[in-house]
1. If you check Leu118, Leu146, Leu158, Leu129, which single one turns out to be at pLDDT 90 or above, open to solvent by 60 Å² or more (accessible area, probe 1.4 Å), out of contact with any helix residue (DSSP H, G or I) (no Cβ under 9 Å at 6 or more places or on another chain) and of a type outside the set (Phe, Trp, Tyr)?
2. Restrict the check to the range 86-99 and report whether at least one residue is open to solvent by less than 20 Å² (accessible area, probe 1.4 Å), modelled with pLDDT of 85 or more and within 30 Å of Asp55 (Cα to Cα).
3. Do any residues in the range 93-122 that are among the basic types (Lys, Arg) have Cβ atoms under 6 Å from those of residues that are open to solvent by 40 Å² or more (accessible area, probe 1.4 Å), where the two are at least six apart or on different chains, and which pairs are they?
4. Give me the strands (runs of 3 or more DSSP E) completely within the range 1-93, filtered to those with at least 1 residues that are closer than 22 Å to Pro177 by Cβ and not β-branched (Val, Ile, Thr), ordered by residue number.
5. Going through the range 296-312 one residue at a time, which ones are in contact (Cβ under 8 Å) with a residue 12 or more places away in the chain and open to solvent by 30 Å² or more (accessible area, probe 1.4 Å)?
6. Test of understanding: among Gly47, Gly103, which residue is closer than 30 Å to Leu160 by Cβ, out of contact with any helix residue (DSSP H, G or I) (no Cβ under 7 Å at 6 or more places or on another chain) and not hydrophobic (A, V, I, L, M, F, W, C)?
7. Of the residues that make up the range 270-286, is at least one open to solvent by less than 30 Å² (accessible area, probe 1.4 Å), among the hydroxyl-bearing types (Ser, Thr, Tyr), part of a helix (DSSP H, G or I) and modelled with pLDDT of 85 or more?
8. Taking Ser347 and the conditions (1) open to solvent by 30 Å² or more (accessible area, probe 1.4 Å); (2) hydroxyl-bearing (Ser, Thr, Tyr); (3) within 17 Å of Leu264 (Cα to Cα), which numbered condition does it fall short on, given that it satisfies the others?
Amino acid sequence: MGRVATGSDIAALTNAGLANLAPFPVVFARVSPSHKLGIVDALQSKGHQVLMTGDGVNDAPAIKRADVGVAMGQHGSDITKQVAEVVLADNNFTTIVEAIKEGRHIFDNILKFIVYLLSCNTGEIMLFLMSTLINVDMPFTVIMILWANIIADVPPALSLGMEPPERRIMHRPPRHPKQGVINRVSAVVILLQAFFMAVATFAAYFVFDILPIADHLTMKHIVMDPDYKPSLFHQGTNLDNNDGNPNDRVAAARSLAFGVLTILQLNQAFLSRSITDSVFKTGIISNPWMLAGVSLSFGLYVMGSYIPGWRDWLNLVPLAWPSWIIMVGLVVVQVAFSELLKLAVRSWYRKHPIYGTLEVVGVPDSMAPKPQGSEL
C-alpha cells in the first residue's frame, strides 16, 4: 500500500489491520466519514494523540472522536465548529503548529517554575530536619526564613515564567494527557538539587566549629564569654550578649549559612532554565528577566546583610571576604553537580525516549523519536 491509501484500501482492512500498517500511510484520498473514524481509531489504538481538522459536516464525527478537533473558522460548517475543541480563525495550518509550540513553551515554563521553587523550599526543609535530628540550634531565625523566601524565591521564579522556548521544542512526541507536571525524573532532580543545597548550607553552618579562620569570616569581632567553648551543639543560645549586640558566634554562623543558601538558590535559578540542557548551552543572558530578577534578589541580600538597622532587624552579621570565597566555591561545586545530574538525565532519556515531558531536549536529532501517525 505504501504511504498513500484510498478509501477502498481502508475498506478492505479491519481496524486492527489498519493500525498495524507499516509504514502507516501519510496521505488518504477519497475517504468517507466512516473511513476517517477508522483512521482516528487506528492511530489512537497505537497510543498516538490525534488532531483532526475539517470543515464539512462529514468531518464532524472524526473531529469529535479525535483527541483534538480543529474546525475551519472561515468556511467551516456550524456543526463542525460546535463539536471541535479549536476553531482555526485564519484557516492556516501553520497556526496549529505555532499553537502547539506555544503550548509546549508554556508547559515547560510552568515546570521550570515548579522545579525551582520545590528545589529551594525542599532544601530549606531538609536543612531544618538535619538540625533537628542531631539536636543543634536552628540555622535560621524565623525572620531569616521569611526574608530568604521573599528575595530568593519570588523574583527568580517569576523570571523563569518568561523563559524563551528551548531548542528543538517541536522534536518531542506528544506528552501523555494523563501524565502530571512532575514525573519521576523531575522529582528525583528536585530532591537531589534540594539535598545539595541543604548539605552545603549545613556544612557552612559548621564552619565556625571546624575551621580556625572562623572568627575572620565576619567583618565584626565576635563578642562572647572568654570561657565559652566554641560549639553549635548547645540549645537556648541567647543571640543578644551583654552589650545588646547580636554578633555572637551562632549569629555569625547563621549569617554565613544564610548567605550560602541565598547565593545557591539564586544560582539555581540559572541552572533551572532546563532540566536536561547544560547551563553552558542555555547560557545566562538570553533571558533578560532572569538577569533582572537575580540582580534584584542579590542586591536585596547585600543590603539586608550590610546596611545597619536592616541587618540588625534580620539578625545578620556582615560577612568578610573569606566568607564570599566560600560561597563562590560552593557555587562552582553546585554547577559541577548540576552538570553531572543533567548528564545522567540525558542518558536516561536516550534509553527511554518516550518518557515524560522533556524527553528529547538535549538528545541528538538522529535519536529524537518522530511521530508515526499521519497529520489528519
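1. Sole residue among the options that is at pLDDT 90 or above, open to solvent by 60 Å² or more (accessible area, probe 1.4 Å), out of contact with any helix residue (DSSP H, G or I) (no Cβ under 9 Å at 6 or more places or on another chain) and of a type outside the set (Phe, Trp, Tyr): Leu146.
2. Here is the first cut: in the range 86-99, the ones open to solvent by less than 20 Å² (accessible area, probe 1.4 Å) are 88.
With the extra rule that they be modelled with pLDDT of 85 or more, the set shrinks to 88.
With the extra rule that they be within 30 Å of Asp55 (Cα to Cα), the set shrinks to 88.
Checked against the condition, which is being open to solvent by less than 20 Å² (accessible area, probe 1.4 Å), modelled with pLDDT of 85 or more and within 30 Å of Asp55 (Cα to Cα), the range 86-99 yields at least one hit.
3. Listed by first residue and then by second, the contacts come to Lys101/Met170.
4. Details: elements: 4-6, 27-29, 51-54, 68-72, 86-88.
Once the strands (runs of 3 or more DSSP E) in the range 1-93 are filtered for at least 1 residues that are closer than 22 Å to Pro177 by Cβ and not β-branched (Val, Ile, Thr), what remains is 51-54, 68-72, 86-88.
5. Step one: list which residues in the range 296-312 are in contact (Cβ under 8 Å) with a residue 12 or more places away in the chain, which gives 296-298, 300-301, 304-306, 312.
Residues satisfying the conditions are Leu296, Phe298, Leu300, Tyr306, Asp312.
6. Just one listed residue meets the conditions, Gly103.
7. no
8. Condition not satisfied by Ser347: (3).
The values are calculated or read from the model by the stated rules, or taken from the named source; none is laboratory data. As the structure is a prediction and not an experimental result, all values here were calculated from the model. Every residue, glycine among them, receives a Cβ derived from its backbone with ideal geometry; neighbour counts consider all protein chains shown. Only protein heavy atoms, including side chains, enter the accessible area calculation; ligands, DNA and RNA are left aside. Shrake-Rupley method; radii C 1.70, N 1.55, O 1.52, S 1.80 Å.
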